[in-house]
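Following: one structure in structure tokens, then a few remarks.
The values are calculated or read from the model by the stated rules, or taken from the named source; none is laboratory data. Not measured: the values here are computed from a predicted model. When we count neighbours, we look across all protein chains shown, and the Cβ atoms used for this are built from the backbone with ideal geometry, even at glycine. With ligands, DNA and RNA removed, areas are computed over all heavy atoms of the protein, side chains included. Shrake-Rupley method; radii C 1.70, N 1.55, O 1.52, S 1.80 Å.
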Amino acid sequence: MKTIRHKLLIGLLGGALVCTLAAGVAMYAKLLEEANELFDYQLRQFAATVSERDALRQTVHAKGDPEENILVEIWDDRGALRFSSSQTPAPVLAQVARPGYSITVAHGERWRVYAERRDGGMVQVAQAVAGRERLAAGIALRSLLPFLLVMPILGLIIYVVVGRSLLPLSRLAQAVGRRSPQALQPVPPEGQPPELAPVVSALNDLLRQLDHALASQRAFVADAAHELRSPLTALKLQLQLAERAPDDSQRQLAFSKLHERLDRSTHLVQQLLASARYEFSPAGRRVAPLDLFDLAQRGVADRYADACVRGVDLGVVGQAGIALVAGDFDDLLVLLNNLLDNALRHAGAGGQVDVEVALDGGCPAIRVTDTGPGIPQHERARVFDRFYRGEGGGGWGSGLGLSIVRGVAATHAAEVQLGDGPDGKGLRVAVRFPSPPALA
Amino acid sequence: MRLLLIEDDPMIGESIGEGLRAERYAVDWVCDGNSAQLAMAHDVYDLVLLDLGLPKRSGLQVLREYRKQGGAAKVLIMTARDSTAERVEGLDSGADDYLVKPFDLDELFARIRALLRRSAGRVVPNIIHRGVTLNLATHEAFFESTPLHLPAREFALLAVLLDPPGQVISKARLEEKLYGWSERIESNAVDVHVHHLRKKLGADFIRNVRGVGYLVGKDE
């Protein structure tokens, strides 16, 4: 790959050379035309003055320049050569038929001839065309010479100017080179030539996105590390209590609590992994058409035993074949499981949790409704934040459930809405998918 | 000794509470900033264990408010926030000590003992008074160099009366120091404990100030 500088140098210099040569050719043509006019006039003058032999000889010989060498031949009325300025006795050119200008070829040379009738004979004045051409070419070449001599200087100027014009590019390259994953500040757009402005602005957009992605990843890792401390602290404390237990029955109890805390830590780690998966690697979905009713049935069946233990009445409302979406079944099951998790936890013993599948304004939707305490209006915007735990939640959850729900919903272009349950109590979480035409 | 545990994580709170009760402290446990503020308004606690990340009102807010109101109990912050700046901020907000999660129960207990000792103005770990020695770390008691077998409440009652000695403490106050909210108290529980202690230490070791409460005299 040639550098821009080389390309410009070769292109501009080559162009200048071609132009100069073209100008030379044009100049030659013009010069030739003008020379022809001039010499033709001269031939005519010459023919008019040719009358006395002595003067003629002199005149002819005075013209030493072979290019202007003029051949004079005079014919009498019988067609015999009366005079020739050439040294040879035979005529160089044949007698032309008509008076006036013409071109004659003789001895492999082209001649410009002017003929004039006089005293019944013909005065013929001729000049070699090649001489005229040589003259024009000589003048044209001489006038081009300074241009050709200037070419190297022009090349040098092009080289320097192009180099200076490309300086902002190398400055930009240096500026980009100074960026690192730790410091992705935007490249200042001031002082950039207008041609680079779109590049700089696109680059800054990219840097901003990259910085944002990196920052959110860093924040996630920091949050995750922080959040892991609570269950680990609980584990460690419980382990120490188990060690201190004075008798077997208390030790038994302590160990069962230890299991509970271990389960919670495991749950948190799983939720963290899920959260990371939906937040940072949205690729790799296995999207297929599916019926939300199947999903609801599967989700409820999975959690039924859990619901029984908690004393919650869990069920599905709706029918098969109405709410069809394109999506990843496993991901959507994760979404539903998280919603059911929250609903079952908050519904409490004697409560009810419904999973409803329906069309909502033509859009397939799945709604999970519980009869728990609900979420106060002012908290609703925040519950989707990572690690946010509701004020009434009691702190058992990972604080990631709804954040994961939103992550999965986002990969399906679905929206999540929080609302009140039936008769204003409890919570209804609705996940609305785009209407089928939008999927196609 | 009665402690207030402010911890929003139910599992951590449960474990710490259990551990503290096993160490014979009376423990009340609250889970959010507002309840913490309400509980701290009662000036019965010898020590407050404070988590910083609380719902409704942050631990530091609770602490600053408490100190502004003139609350004097020792406050031990237990938190997962471990940067130096956060420790400094915690201590400067009025905390007496700072413990980063996850921690050992032993260390927590040792720090609690040290804080309680300092609040009583002692520099030695044992309470020694008129022949009675109470080791607060091991909960062993001695009278005239012979081991004294004291049930948890009697030990705690004696510790309250001796730390420092010479102050008259009302029966209601003693009940508060000995029992958490969740525990049922018989109306004459304190009297019964005092009765048992007198049998072990001599009738005049604990004196009754009629209509006011009990007192262990400074000297013979």
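Taken over the range B:99-121, residues that are touching a residue at least 40 places away in the same chain (Cβ under 8 Å), over 15 Å from B:Met78 (Cβ atoms) and under 13 Å from the mean Cα position of the chain (by Cα) amount to 4. In summary, A:Glu109 fulfils each of the numbered conditions (1) of a type outside the set (A, V, I, L, M); (2) surrounded by 11 or more Cβ atoms within 10 Å (Cβ to Cβ); (3) in contact (Cβ under 8 Å) with a residue 24 or more places away in the chain with the single exception of condition (3).
For B:His193, the conditions (1) in a helix (DSSP H, G or I); (2) out of contact with any strand residue (DSSP E or B) (no Cβ under 9 Å at 6 or more places or on another chain); (3) modelled with pLDDT under 85; (4) not β-branched (Val, Ile, Thr) are fulfilled apart from (3). Is it the case that A:Asp263 is within 27 Å of A:Gly348 (Cβ to Cβ), open to solvent by 20 Å² or more (accessible area, probe 1.4 Å) and either within 41 Å of the chain's Cα centre (by Cα) or within 11 Å of chain B (Cβ to nearest Cβ) (or both)? It is true that A:Asp263 is within 27 Å of A:Gly348 (Cβ to Cβ), open to solvent by 20 Å² or more (accessible area, probe 1.4 Å) and either within 41 Å of the chain's Cα centre (by Cα) or within 11 Å of chain B (Cβ to nearest Cβ) (or both). Within the range A:140-180, the set of residues being open to solvent by 70 Å² or more (accessible area, probe 1.4 Å) and in contact with a Leu (Cβ under 6 Å, 6 or more places away or on another chain) comprises A:Tyr159 only. Close Cβ contacts (under 9 Å, 6 or more residues apart or on different chains) running from residues in the range B:1-26 that are touching a residue at least 12 places away in the same chain (Cβ under 8 Å) and more than 7 Å from chain A (Cβ to nearest Cβ) to residues that are of a type in the set (Lys, Arg) and assigned to a strand (DSSP E or B) comprise B:Tyr25/B:Arg2; B:Ala26/B:Arg2. Summed over the range A:302-325, residues that are open to solvent by 80 Å² or more (accessible area, probe 1.4 Å) and touching a strand residue (DSSP E or B) at 6+ places or on another chain (Cβ under 7 Å) total 3. Strands (runs of 3 or more DSSP E) fully within the range A:238-349 that include at least 1 residues being among the acidic types (Asp, Glu): A:288-291, A:313-317.
Mind checking whether some residue in the range A:216-227 is of a type in the set (Gly, Ala, Ser), closer than 21 Å to B:Met11 by Cβ, within 14 Å of another protein chain (Cβ to nearest Cβ) and part of a helix (DSSP H, G or I)? Looking for residues that are of a type in the set (Gly, Ala, Ser), closer than 21 Å to B:Met11 by Cβ, within 14 Å of another protein chain (Cβ to nearest Cβ) and part of a helix (DSSP H, G or I), one finds at least one in the range A:216-227, hence yes.
Contact map, the range A:93-106: residues that are surrounded by 12 or more Cβ atoms within 10 Å (Cβ to Cβ) paired with residues that are in a loop (DSSP other than H, G, I, E, B), Cβ distance under 6 Å, separation 6+ or inter-chain. Pairs shown: A:Ser102/A:Val96; A:Thr104/A:Leu93; A:Ala106/A:Leu93. At least 2 residues being within 22 Å of B:Leu215 (Cβ to Cβ) is the threshold, and among the strands (runs of 3 or more DSSP E) wholly inside the range B:81-152 those reaching it are B:126-129, B:132-135, B:140-143. Take B:Glu176 and decide whether it is outside any helix (DSSP H, G or I) and touching a residue at least 60 places away in the same chain (Cβ under 8 Å). Against the criterion (outside any helix (DSSP H, G or I) and touching a residue at least 60 places away in the same chain (Cβ under 8 Å)), B:Glu176 does not qualify. Taking first residues from the range A:231-249 that are within 12 Å of B:Asp106 (Cα to Cα) and at the interface with chain B (Cβ under 8 Å from one of its Cβ atoms) and partners that are among the hydrophobic types (A, V, I, L, M, F, W, C) and assigned to a helix (DSSP H, G or I), the Cβ contacts under 7 Å between residues at least 6 apart in sequence or on separate chains come to A:Leu237/B:Ile12; A:Leu237/B:Ile16; A:Leu237/B:Leu105; A:Gln240/B:Leu105; A:Leu241/A:Ala254; A:Arg244/B:Ala22. For the range B:35-56, the criterion of being within 14 Å of chain A (Cβ to nearest Cβ), polar (S, T, N, Q), touching a helix residue (DSSP H, G or I) at 6+ places or on another chain (Cβ under 9 Å) and surrounded by fewer than 22 Cβ atoms within 10 Å (Cβ to Cβ) is met by none of the residues. Restrict the check to the range B:140-156 and report whether at least one residue is over 21 Å from B:Val27 (Cα atoms), at pLDDT 80 or above and buried (at least 19 other Cβ atoms within 10 Å of the Cβ). Yes, there is a match, as at least one residue in the range B:140-156 is over 21 Å from B:Val27 (Cα atoms), at pLDDT 80 or above and buried (at least 19 other Cβ atoms within 10 Å of the Cβ). Would you mind telling me which numbered condition in (1) in contact with a Leu (Cβ under 6 Å, 6 or more places away or on another chain); (2) open to solvent by 30 Å² or more (accessible area, probe 1.4 Å) A:Ala130 fails? Among (1) in contact with a Leu (Cβ under 6 Å, 6 or more places away or on another chain); (2) open to solvent by 30 Å² or more (accessible area, probe 1.4 Å), A:Ala130 violates only (1). Quick check: is even one residue across the range B:99-115 among the basic types (Lys, Arg), under 26 Å from A:Phe387 (Cβ atoms), surrounded by fewer than 19 Cβ atoms within 10 Å (Cβ to Cβ) and modelled with pLDDT under 90? No: zero hits.
Here the condition is being within 14 Å of chain A (Cβ to nearest Cβ), more than 16 Å from the chain's Cα centre (by Cα), over 18 Å from B:Ala26 (Cα atoms) and free of Cβ contacts under 8 Å to residues at least 24 places away in the same chain; of B:Asp92, B:Asp82, it holds for B:Asp82 alone. Looking for something under 21 Å from B:Arg21 (Cα atoms) and exposed (fewer than 14 other Cβ atoms within 10 Å of the Cβ) - is there at least one such residue anywhere in the range B:195-213? Within the range B:195-213 (the criterion being under 21 Å from B:Arg21 (Cα atoms) and exposed (fewer than 14 other Cβ atoms within 10 Å of the Cβ)), the answer is no, since none of the residues qualifies. Only residues that are open to solvent by less than 60 Å² (accessible area, probe 1.4 Å), more than 30 Å from A:Phe147 (Cβ to Cβ), assigned to a helix (DSSP H, G or I) and in contact with a helix residue (DSSP H, G or I) (Cβ under 9 Å, 6 or more places away or on another chain) were counted in the range A:15-54, giving 2.
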